[in-house]
Amino acid sequence: MRTETPAETLPQGRVSKIIQVHPSLKCNLFCKHCYSSSAPQYKEGLSVKSILRILEEGAGMGYNVVSLSGGEPFLYRPLEELVQASKALGYFNSITTNGMLLRSASAQRVFRHVNLVAISIDGREQQHDEMRSMPGAYQKMMEGVDIVKAHVPNFGFIHTVQPDSWQLFPWLAGLAVDKGAALLHLHPLELAGRASTSFGNMIFGEEALLKTYITHYYLKTYYEPQLFIQLDLLHRDHIRDNPAFCFHADALSACDLGDFSCLFRELIIDEHGDLLPIAHGCSKRFRIGNIEEDLPLVEMFNRFAQQRLGELMQVYQQTYDEILNNTEHEIFNWAELVLKNTFRYEQELACAG
Ligand code: SF4
């Protein structure tokens, strides 16, 4: 499950700079669309001490949001210790969950340190249960919504978008408003992990992309500010007009200033403890470091700046040019395209070598 904050800025007016943590792939479910192939058989997760070392150093560098995902975060044993320490470091804590394991006393203790909970939903009851491969998952998730409402200041829903999901958006937005949610996050299905097996032939054609974009835009206009609606797709004009968004500010001056949280507004710690730019699942050629490495975070960034930043900028440029030269499509998933291009870049290097 991808995790996000509900807005570009935090309630305090600070721009969000996110450390996204996947502490374990253990999950009580085995969903068909899971891009991380999470499942019940996974056992141990990352060392909480090592995660906290990175969070502590990250806080000093300007990171201010911790976004926990997985797997199912409520199955990560040291979750309470993690969110408590993270909150003490000043982070805005956000958790993405399937909402089914929230009854326990330990879950309720976790809520004390959490600012936002995003609960994943796949549609109406039958559709949700089918995707989750679990009868009763929808009902259990809805019980979780009521528990979260009673304990956490903000909550929202996150939906994995398929080509025909736009027809469901009005129902989803209405449900979110009825339940008192602050956020509806719409994230296009990624053909990675188990999703690539379950949905290998699925294609977002231009018509589906446009319908998705327009429906979300209409609902946004209708429901905001009561309900913040975020779709992880961008129009080509937006990409063209915002190169600073695509290239993560002026990379070289950010490096010169040591402003790495500006350069990597989203830093990912994956289930192996690897620190990655862009998104979960990008090529390990672009690994910034590992949480178990005996090296300060700033040194990992400096090493990356010397060895890989130039290459990453080429990947950004290639993606940007590809989008601007694409005459077939208007709507794009920027992060997914960059992610794919990290692998393409690696392959091209291997062929050239
Ligand atoms: S999609 Fe989420 S709830 Fe489903 S298996 Fe993956 S991590 Fe678990």
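Computed from the coordinates by the stated procedures, all read-outs in this text should not be read as laboratory data. A quick note: this is a predicted structure, and the numbers were derived from the prediction, not measured. With ideal geometry, Cβ positions are generated from the backbone for all residues, glycine too; neighbour counts draw on all protein chains shown.
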Which three semi-axes in whole Å describe the equivalent ellipsoid of segment 291-335, each the square root of 5 times a Cα gyration tensor eigenvalue, listed largest first? 33, 12, 5
Relative contact order, percent, of the chain when contacts are C-alpha pairs under 8 Å separated by at least 6 residues? 17
Kirkwood Rh over alpha-carbon pairs of segment 13-232, then Stokes-Einstein at 25 °C and 0.890 mPa s: what D in µm² s⁻¹, rounded to an integer? 136
Please state, as a whole number in µm²/s, the translational diffusion coefficient that the Stokes-Einstein equation yields for segment 44-83 at 4 °C and 1.567 mPa s, with Rh defined as the Kirkwood radius across alpha carbon pairs. 119
In deg cm²/dmol and to the nearest 500, what is the mean residue ellipticity at 222 nm of the chain if only DSSP H runs of at least 4 residues count, each as -39500 (n - 2.57), divided by the residue total? -13000 deg cm²/dmol
Taking 8 Å as the Cα distance limit and 6 or more residues as the minimum spacing, I'd like the relative contact order of segment 1-152 as a percentage. 24
Fewest to most Cβ atoms within 10 Å: M313, M300 sort as M313, M300
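Could you estimate the translational diffusion coefficient of segment 243-352 from the Stokes-Einstein equation, with Rh from the Kirkwood formula over C-alpha pairs, at 4 °C and 1.567 mPa s, in whole µm²/s? Write out the running numbers ahead of the final one.
Values: Rh = 14.6 Å.
Once the numbers are plugged in, D ends up at 89 µm²/s.
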Is there a pair in K149/K340; K87/K340; K32/K179; K26/K340; K140/K284; K43/K179 whose C-alpha atoms are over 32 Å apart, and which pairs would that be? K149/K340; K87/K340; K140/K284; K43/K179
Which of the GluC sites (Glu not before Pro) found in segment 23-111 are loop residues per DSSP with 13 or fewer other Cβ atoms within 10 Å of their Cβ? E44
Calculate the tail of P(r) for segment 131-211: the fraction of all Cα-Cα distances greater than 19 Å, expressed in %. 49
Placing one equal point scatterer on each C-alpha of segment 54-153 and summing with Debye, one gets log10 I(q)/I(0) at q = 0.13, 0.19, 0.24 Å⁻¹ equal to -0.48, -0.89, -1.23
Among the aspartates and glutamates, which have Cα under 18 Å from the Cα of K220 when same-chain residues fewer than 8 positions away are ignored? E4, E8, D178, D232
Given Cβ charges of +1 for Lys and Arg and -1 for Asp and Glu, the option among Y320, G200, S86 whose Cα lies farthest towards the positive end of the dipole of the chain is S86
